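Working notes, structure below.
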Amino acid sequence: MTLKVVTGGSVSSAVADFVPQLVADKVASRIAAKDFTLWGPEAEAESSIRLGWVTSALDSAPLVDGILALRAELLGKGIDRFVLCGMGGSSLAPEVITRTAGVELVVLDSTNADQVGAALAGDLARTAVVVSSKSGSTVETDSQKRIFEQAFTEAGIDKTERIIVVTDPGSPMEAAAKADGYRVFNADPTVGGRYSALTAFGLVPSGLAGVDIAKLLDEASSVAELLASDNEENPALVLGAALAKTPGEYGLRDKIGIVTDGSPIVGFGDWAEQLIAESTGKQGKGILPVVLSPDSAELHSGLADLLAVRLVADANTAGYDEVSVSGPLGAQFLLWEYATAIASRLIGINPFDQPDVESAKIAARGMLENRAEIAAPAFSAGAVEVRSTALDLGSATSLKDAVAALLKQLDTDSGYLSIQAYLDRTSAPQAEALRDAFAKATRRPVTFGWAPRFLHSTGQYHKGGPKQGIFLQLVASAKSDIAVPGRNFTFGELIASQAAGDASVLGDLGRPVLTLTLNDVEAGLADLAATL
């Protein structure tokens, strides 16, 4: 399977208009040469230390033998269940890699106590845990690490034989892990989290779980020269121009529908969602990625601001005003990283910072430290408590009224709805069906994010991108809360603080938020669906 990008309709016009200038400016070869001046003077400080991803396929090759040797060692001890504790870029790429390869990996990317409990409930005697954090200070990952340390110790298992740490050199987690005797894999510090698929963050958990990671790197290496070429046929230039400059009826199409439509790659949209949203969504600009299926309402609603990008088995043709992309997973990782950096240049933003991500973390920490009480609900309706932030519920007394008040704020030309589920995705997968239901009802783009992982993904776009979003938070109390060892809070308190903190930040920015607390998750989701 070769790497291809094919365009149709107005997308082809955008490519014809903008790719020649990209070629003349030697943008592709300058990215390959790690030219940090491409995104303007204000971006240079960050871009000068964030271009390591360009050569990750080669730079990461020395890691492969060590990862495979560790896998063989663990398998020899009967350890064949692998859990990944990580958030955002530390978990999204390994999930795509292992799902595409058909290899089992338990991904713990939540602070929901029920989801944590489900990961702990597996056979610890057969379990090894990869703890991944670029900064080494991510509160979710630290909490997950602590609970597995306690579980192994209580089971009489040497935790240092079962926990493997992946982090940047010099991080707080590296220092603590080495002092405690853990095995540590260092990632490239010149690669940002969302660009880290081909670094230790993508390779260690995937390789331990059984993926052919050498092949993955080879797939990326095989297209490096193509993507670095200053040529109008360069697929990265074509895709980058399509993402940033495709016209619609009322302006540029600033929403991208990522559709898996025959591609053997599984779950790629979730990875690309973070890459695009967090890279481009800032300074009131950006591209909103929306993960879709071939049957999603957005593809059949005639949306003037949405561009469909289909991942197919072999991109020979593209539908009108659409893009088709094909190629093996390793090649696609590098393609989309190049294309996102190119699109960011065309938009006029720095693709390597995330200035608005920290605001939600600060708000959550403040609420956790002060044990701020959650505001009393405006009212309750059956199994659901209703609260709002920067949203006037008026005289609403029913769940249907509250949802109607939120949807009334949705701009029918440029707006989108973001559903944020602070729920256990292992026991409430039906929550995702709400995405399609709301898309059909509103005839507007609807995103769905499991929380709190989306805070490390699309959260940047929600706060720093265009002021177009309305937000629906779904939260629930855990069936059985779990204390975080060595900390004075529980997982339930942590996730509640994260939800309330994010709602507060969104509200301060004038983004309307409807928060629904589901006292009975199954009944609450059913009641919510019934409002439509």
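At a glance:
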quantity	calculated
Per-region count, region 38-61, residues under 27 Å from the mean Cα position of the chain (by Cα) and either closer than 19 Å to Glu161 by Cα or of a type outside the set (A, V, I, L, M) (or both)	14
Whichever residue in region 420-446 is of a type in the set (A, V, I, L, M) and under 19 Å from Asp295 (Cα atoms) and, among such residues, is surrounded by the fewest Cβ atoms within 10 Å (Cβ to Cβ)	Ala433
Qualifying residue in region 230-238 (condition: assigned to a loop (DSSP other than H, G, I, E, B) and modelled with pLDDT under 95)	no
Answer residue from region 156-167, given it is of a type outside the set (S, T, N, Q) and assigned to a helix (DSSP H, G or I) and is surrounded by the most Cβ atoms within 10 Å (Cβ to Cβ) among those	Arg162
Condition check for Val96: in contact with a Ser or Thr (Cβ under 8 Å, 6 or more places away or on another chain) and among the β-branched types (Val, Ile, Thr)	no
Per-region count, region 12-30, residues closer than 19 Å to Val191 by Cα and either of a type in the set (D, E, K, R) or not assigned by TED's automatic domain parsing to the domain that holds Ser324 (or both)	1
Residue among Gly464, Gly469, Gly449, Gly459 that is in contact (Cβ under 8 Å) with a residue 24 or more places away in the chain and either in the same structural domain as His300 (by TED's automatic domain parsing) or out of contact with any strand residue (DSSP E or B) (no Cβ under 7 Å at 6 or more places or on another chain) (or both)	Gly459
Residue match in region 82-98 (condition: touching a Pro at 6+ places or on another chain (Cβ under 6 Å), at pLDDT below 95 and not β-branched (Val, Ile, Thr))	no
Some residue of region 482-490 being within 21 Å of the chain's Cα centre (by Cα) and modelled with pLDDT of 95 or more	no
Pairs where the first residue, in region 412-425, is touching a residue at least 40 places away in the same chain (Cβ under 8 Å) and the second is polar (S, T, N, Q) and in a loop (DSSP other than H, G, I, E, B), C-beta under 6 Å, 6+ apart	Ser414/Gln468; Gly415/Gln468; Tyr416/Gln468; Asp424/Asn112
Which numbered condition Gln274 fails, given (1) in a loop (DSSP other than H, G, I, E, B); (2) buried (at least 17 other Cβ atoms within 10 Å of the Cβ)	(1)
One residue from Leu307, Leu303, Leu299, Leu368 being more than 27 Å from Ser206 (Cβ to Cβ), crowded, with 19+ Cβ neighbours inside 10 Å and in the same structural domain as Gln498 (by TED's automatic domain parsing)	Leu368
Test: residue in region 280-290 that is in contact (Cβ under 8 Å) with a residue 40 or more places away in the chain, assigned to a helix (DSSP H, G or I) and of a type in the set (A, V, I, L, M, F, W, C)	no
Where Thr37 falls short, out of the listed (1) in contact (Cβ under 8 Å) with a residue 40 or more places away in the chain; (2) surrounded by fewer than 16 Cβ atoms within 10 Å (Cβ to Cβ); (3) hydroxyl-bearing (Ser, Thr, Tyr)	(1)
Residue count for region 122-167, restricted to those that are more than 16 Å from Ser91 (Cβ to Cβ) and at pLDDT below 95	1
Top-ranked residue in region 335-365 [being more than 17 Å from Ala272 (Cβ to Cβ) and β-branched (Val, Ile, Thr); ranked as surrounded by the most Cβ atoms within 10 Å (Cβ to Cβ)]	Ile349
Evaluation of Ser48 against (1) out of contact with any Ser or Thr (no Cβ under 8 Å at 6 or more places or on another chain); (2) surrounded by 16 or more Cβ atoms within 10 Å (Cβ to Cβ) (one fails), failing number	(2)
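The values are calculated or read from the model by the stated rules, or taken from the named source; none is laboratory data. Computed from a predicted model, the values in this text were never measured in an experiment. When we count neighbours, we look across all protein chains shown, and the Cβ atoms used for this are built from the backbone with ideal geometry, even at glycine.
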